[in-house]
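This report concerns only the one structure given below.
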Amino acid sequence: MELTIQHVHTYQELVKQKLVPSIESLLGDTSDYPEPMLPELNENDEVVFYSLTGDVKIVPGLNVIETIVTVANLGADRLRSSSN
């Protein structure tokens, strides 16, 4: 299963609507990540999350990837229908 920036974007839109928990909470204890974790592609074209200060960089595990991809795929339909 491949995680893309588009999956992350869709997931973040669902977070804004308070329909799903934050990405930070999926990555672990939110006190470990006091600032938003932002996505980027690494040198292997894999999505990683980093802090604004650059102090923290996380490669998501399989459970996080599966959650984001599954929710994003299901939520994309909801977002499309709500924008019409």
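Read-outs: derived from the displayed coordinates by stated rules, not from any lab. All values reported here derive from a predicted model rather than from experimental measurement. Here the Cβ is made from the backbone with ideal geometry for all residues, glycine too, and neighbour counts use every protein chain on show.
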- prompt: Counting other C-beta atoms within 10 Å, which of 58, 68, 5, 23 has the fewest, and how do the rest follow?
  reply: 5, 58, 23, 68
query: What ³J(HN,Hα) values, in whole Hz, does the Karplus curve 6.51 cos²θ - 1.76 cosθ + 1.60 give for the stretch 5-16 when θ = phi - 60°, with x put for Gly and Pro?
result: 4, 4, 4, 4, 4, 4, 4, 5, 5, 5, 4, 4
task: Using the charge dipole of the chain (Lys, Arg: +1 at Cβ; Asp, Glu: -1 at Cβ; taken about the Cα centre), state which of 76, 61, 4 has its Cα farthest towards the positive end.
output: 76
- prompt: According to the square roots a ≥ b ≥ c of the eigenvalues of the Cα gyration tensor, what is the shape class of the stretch 32-84, taking rounded for a/c under 1.5, prolate for a/b larger than b/c otherwise, and oblate for the remainder?
  reply: prolate
- prompt: What's the exposure ranking of 22, 81, going from fewest to most Cβ atoms within 10 Å?
  reply: 81, 22
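May I ask you to sort 13, 43 by Cβ crowding, counting other Cβ atoms within 10 Å and putting the fewest first?
Working: 13 18, 43 6.
Fewest-to-most ranking of 13, 43: 43, 13.
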field: Charge dipole magnitude, Cβ of K and R +1, D and E -1 - the chain, Cα centre, debye nearest 20
entry: 500
message: At 0.36 nm per residue, and after removing the present C-alpha to C-alpha distance, how many nm does the segment from residue 50 to residue 2 gain when stretched out fully?
response: 15.4 nm
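Using Cα-Cα distances under 8 Å and only pairs 6 or more residues apart, what relative contact order does the chain have, in percent?
Relative contact order of the chain: 34 percent.
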query: What number comes out for the charge environment of residue 54, summing +1 per Lys or Arg and -1 per Asp or Glu over other residues with Cβ under 14 Å away?
result: -2
query: Applying the Karplus parametrisation 6.51 cos²θ - 1.76 cosθ + 1.60 with θ = phi - 60° to the phi angles of the stretch 40-48, what ³J(HN,Hα) value in whole Hz is obtained for each residue in order, glycine and proline being reported as x?
result: 7, 9, 8, 5, 9, 6, 9, 6, 10
